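The values are calculated or read from the model by the stated rules, or taken from the named source; none is laboratory data. Just so you know, these numbers come straight off a predicted model, no measurement behind them. Neighbour counts run over all protein chains shown; Cβ positions are idealised from the backbone, glycine included. Note: areas computed on protein heavy atoms with side chains; ligands, DNA, RNA excluded. Shrake-Rupley method; radii C 1.70, N 1.55, O 1.52, S 1.80 Å.
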Amino acid sequence: MGKGAWDWGIDLGGTKCECVVLEGDEVLLRHRILTERRGGYEHILGQIARLVDECAERLGQRPVLIGMGTPGARDPQTGLMKNCNTTELNGKPLKEDLARRLGVPVLIANDANCFALAETHLGAVRQHHPDARVVFGIIMGTGVGAGIVINGQILNGHHGIAGEWGHNVLLPEGPECYCGKRGCVETLISGPALEAWYEAKAKRHLSLARIAAATAHDQVARLTLDRLHLLFGQALANVVNILDPDVIVIGGGVGNVQSLYRAGRETLLPFLFNPRFATPMIAPALGDSAGVFGAALLARGTFREAQLS
């Protein structure tokens, strides 16, 4: 496989910006730098250009196409970024500005979509459920989002928001969300939301990992996990009733709470329009690497053709 088959991907986060270059399944290079978002939009563009320059220098070749995973999404109608918690990107023509700055075409997808794509083709789905046609890939961490892969391809949707279950409203009188609504899934079962709920009840702060480990002797910790299980099941049942995926991959720090895989299933069932819930729920295989690998896959073969069409 020659150099023309190299796939370049960038994962643009609020804190770091990472690049990977793949040749098939082989990782040729991984490199990351700080995003430095406080410098503003133009500075972020400059950091991405710097990252690409540094990687190209190490490899001795520049890319001909780059896939990029981003917070938020590119609006298909306007071409502008929206729903980004890295708010400096909102309202900006990121794809076009980067293509002009880098001198190569850029393909953009939501970071959760990249996660789902990578776990489907390189990770846990390929390993355990290779025949799955519909994959729902969840990220539950600082925020809550998801991506949908159908027949191997990302489903973006008419508005570019397919999979955004984290901003479905569960409790209309619940906490305020940065998106402008109240009681979104993200405000209730993200890692920071669960830690804040525990702190309000227990009058002390614990990380979610420590909360999960304390349930045997800490009543508030048990209640916090019960809250997670119930709201997770309720929120996910809405997705399953509509999408009915073949497999669900649960990534992010909240996905490390092992009881979710059992109790989450139990709390989902009463909300499901079916007498049983048999969909496999599995842990990711790629960890925090999934997003950047998925971005590289955007630039590969049929994925590239689907994004450019």
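Report, by residue number, each residue of the stretch 135-178 that is farther than 17 Å from Leu228 by Cβ, open to solvent by 30 Å² or more (accessible area, probe 1.4 Å) and part of a strand (DSSP E or B).
Listed by number, the residues that qualify are Ile150, Gln153, Val169, Glu176.
Need a quick list: strands (runs of 3 or more DSSP E) entirely within the stretch 1-116 having at least 1 residues that are modelled with pLDDT of 95 or more, surrounded by fewer than 18 Cβ atoms within 10 Å (Cβ to Cβ) and not charged (D, E, K, R).
26-34
Could you tell me which numbered condition Leu228 fails, if it satisfies all but one of (1) farther than 26 Å from Cys114 by Cβ; (2) free of Cβ contacts under 8 Å to residues at least 40 places away in the same chain?
Unmet for Leu228, out of (1) farther than 26 Å from Cys114 by Cβ; (2) free of Cβ contacts under 8 Å to residues at least 40 places away in the same chain: (1).
For the stretch 132-161, which residues satisfy the criterion of being under 12 Å from the mean Cα position of the chain (by Cα) and either hydrophobic (A, V, I, L, M, F, W, C) or under 17 Å from Asp246 (Cα atoms) (or both)?
Those that are under 12 Å from the mean Cα position of the chain (by Cα) and either hydrophobic (A, V, I, L, M, F, W, C) or under 17 Å from Asp246 (Cα atoms) (or both): Phe136, Gly137, Ile138, Ile139, Met140, Val144, Ala146, Gly147, Ile148.
Would you confirm whether any residue within the stretch 288-302 is open to solvent by 60 Å² or more (accessible area, probe 1.4 Å), of a type in the set (Val, Ile, Thr) and over 22 Å from His128 (Cα atoms)?
The answer is yes, given that some residue of the stretch 288-302 is open to solvent by 60 Å² or more (accessible area, probe 1.4 Å), of a type in the set (Val, Ile, Thr) and over 22 Å from His128 (Cα atoms).
So which residues in the stretch 152-182 are within 27 Å of Leu117 (Cα to Cα) and among the acidic types (Asp, Glu)?
Passing the criteria: only Glu164.
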